[in-house]
């Protein structure tokens, strides 16, 4: 009986301590519109969302990922790789241990 009283006392103290009305309103059916025109619903704190990119048009998810190279870094890398592959590799020098003189 005493345990029930302690639990109800803790519960009433917790209710007093917790702040009221601090959470935003949750919309379980928020409408999302992408710049590509794809529309879908999900839960959020705003009733309508406009996004620039979604899973329908993102290059990573669609498999149409492209490298944007404005300074020619990719071409420079490919050229270095091709020249390195064309050169014969130098033979490794074998180290010979010197024997200790006694």
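Could you bin all the Cα-Cα distances of the stretch 21-66 into 10 Å bins starting at 0 and give me the percent of pairs in each, rounded to whole numbers?
The percentages, shortest bin first, are 28, 39, 23, 9, 1.
According to a simple spin-label model (label point 7 Å from Cα along Cα-to-Cβ), what is the distance in nm between residue 76 and residue 93?
3.1 nm
Sticking with the crude label model, points 7 Å out along Cα→Cβ, report the distance from residue 85 to residue 27 in nm, one decimal please.
Between residue 85 and residue 27, the simple spin-label model gives 5.3 nm.
Since every read-out is calculated from the coordinates, none of them should be taken as a lab result. Not measured: the values here are computed from a predicted model. Positions of Cβ are generated from backbone atoms using ideal geometry, with glycine treated the same way; all protein chains shown enter the neighbour counts.
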